[in-house]
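> Once you've had a glance at the structure underneath, I'll fire off some questions.
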Amino acid sequence: MKILKREPSNSIARTELWTVQGDAIEHPFLVYVTTPMTPKPEKGWHGIVVTDGSLGTGAMSSIAGYLGMGEMPAAVTVAIGYPLDNAIPAVVARNRDLTPVPWPEWDAPYGQLLGAPAPPSGGAEAFAAFVHDELMPFVEAEVGVNPAEWTLAGHSLGGLFATYCLLTRPGRCRRTLAVGSSYWWKRPYLFDRAREFAAVERPLNVSVYLAAGDHETTAAFSTTWHRYMDADVWKDYLTVMRGIPDIVTETREMATIVAQRWGTRVRCDILDEETHGSAVFAAYSRGLRWLHQV
């Protein structure tokens, strides 16, 4: 991994902006690294890696910062996003980096819905290798994070990615936080991987917090989306998805499967009066507190 540019943020306290280039990924990432206010412990700080840094880096750094004053250990937050001048806008670049296998039928309507051509899906394995094998070790050495105290967090496609990493790299991150996760994505792919994960007899020592808003049901999405669903692009989108998803049901299902692995502590919260867009904030707060108390 190479750091192409490194500068202090002028808007987020104790934060540096790193423009980085992975060894095996052609496009750069913009990484927001926020350190705690407290002195570094002898064994190093806890660390939180969160996806979609271009969309919500301030949320995670603020929540972790406040909780680090006494409700959880102080943690470095590492939010991975994209430079604003990136050739592919962040809102669709995530289609490449956060999805585990190619789904060509999905790519076109997803991009049309968001107003920009989406790159091919299926790059999660390359992105996971960058995160776990390049970025995290660099942060451990450069900033002082304890390698045994990482949390990986993500929302929506980011929650899909965080869960994918739990299943394919069990134990690399001691804690996983996934909210509003897109488990419907090319179903049953991730559920099959979860059953393989659960069937392994080797015990783990990990904690997993899965959450969704109680308005992330088929009925609630139908009410929210009804004004759009006559448009051809929405019809294509929902056809590929095989209908309107029920993230609440699928989150509960994933939690039940993952909890079958010995040594995997799992909590599943369905958050009252929260939508797909708002649940992430409540889940970050509740999830970080629970993850660091078990």
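The values are calculated or read from the model by the stated rules, or taken from the named source; none is laboratory data. All of these numbers come straight from a predicted model, not from anything done at the bench. Ideal geometry is used to build each Cβ from the backbone, glycine not excepted, and the neighbour counts take in all protein chains shown. Protein only, heavy atoms only, side chains kept; ligands, DNA and RNA dropped before computing areas. Shrake-Rupley method; radii C 1.70, N 1.55, O 1.52, S 1.80 Å.
> Is it fair to say V280 is of a type outside the set (S, T, N, Q), closer than 19 Å to V49 by Cα and modelled with pLDDT of 95 or more?
yes
> Can you say whether I257 is in contact with a helix residue (DSSP H, G or I) (Cβ under 8 Å, 6 or more places away or on another chain) and over 22 Å from Q112 (Cβ atoms), as far as the supplied structure shows?
Here the answer is yes, as I257 does meet what is asked.
Each row is one residue, and each column tells you yes or no for (1) closer than 29 Å to L67 by Cα; (2) among the small types (G, A, S).
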residue	(1), (2)
Y183	yes, no
T224	no, no
Y228	no, no
T264	yes, no
G277	yes, yes
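> Let me ask something additional. Within region 4-57, which residues are loosely packed, with under 14 Cβ neighbours inside 10 Å, closer than 19 Å to G144 by Cβ and not hydroxyl-bearing (S, T, Y)? Explain how you work it out, then say what you get.
Initial filter on region 4-57 (loosely packed, with under 14 Cβ neighbours inside 10 Å): 4-8, 10-11, 13, 23-24, 26, 37-39, 42-43.
Retained after the next criterion (residues that are closer than 19 Å to G144 by Cβ): 6, 8, 13, 37-39, 42-43.
Correct list: R6, P8, A13, M37, P39, E42, K43.
> Residue by residue through region 95-110, note down the ones that are touching a residue at least 24 places away in the same chain (Cβ under 8 Å), open to solvent by less than 30 Å² (accessible area, probe 1.4 Å), farther than 20 Å from D192 by Cα and out of contact with any strand residue (DSSP E or B) (no Cβ under 9 Å at 6 or more places or on another chain). Spell out how you get there, then give the answer.
Within region 95-110, the subset touching a residue at least 24 places away in the same chain (Cβ under 8 Å) is 95-101, 103, 105-106, 108-110.
Those left that are additionally open to solvent by less than 30 Å² (accessible area, probe 1.4 Å): 95, 97-100, 103, 106, 109-110.
Pick out the ones that are also farther than 20 Å from D192 by Cα and you get 95, 97, 109-110.
Scanning region 95-110 gives N95, P109, Y110.
> Related question: For region 212-232, does any single residue satisfy the condition of being surrounded by 13 or more Cβ atoms within 10 Å (Cβ to Cβ), assigned to a strand (DSSP E or B), touching a residue at least 60 places away in the same chain (Cβ under 8 Å) and out of contact with any Cys (no Cβ under 8 Å at 6 or more places or on another chain)?
Checked against the condition, which is being surrounded by 13 or more Cβ atoms within 10 Å (Cβ to Cβ), assigned to a strand (DSSP E or B), touching a residue at least 60 places away in the same chain (Cβ under 8 Å) and out of contact with any Cys (no Cβ under 8 Å at 6 or more places or on another chain), region 212-232 yields at least one hit.
> Let me ask another. Can you tell me which residue in region 233-251 is farthest from Q293 (Cα to Cα), limited to those that are among the charged types (D, E, K, R) and surrounded by 15 or more Cβ atoms within 10 Å (Cβ to Cβ)?
This residue is D236.
> Looking only at region 242-282, count every residue that is in a helix (DSSP H, G or I) and small (G, A, S) and tell me the total.
Here the count works out to 3.
> Considering region 252-286 alone, what residues qualify as being farther than 16 Å from L204 by Cα, surrounded by 15 or more Cβ atoms within 10 Å (Cβ to Cβ) and of a type in the set (S, T, Y)?
Across region 252-286, the qualifying residues are T275, Y284, S285.
> Restricting attention to region 216-267, report how many residues are among the charged types (D, E, K, R) and more than 20 Å from the chain's Cα centre (by Cα).
Final tally of qualifying residues: 7.
> So for region 179-201 (the condition being open to solvent by less than 10 Å² (accessible area, probe 1.4 Å) and assigned to a strand (DSSP E or B)), does at least one residue qualify?
yes
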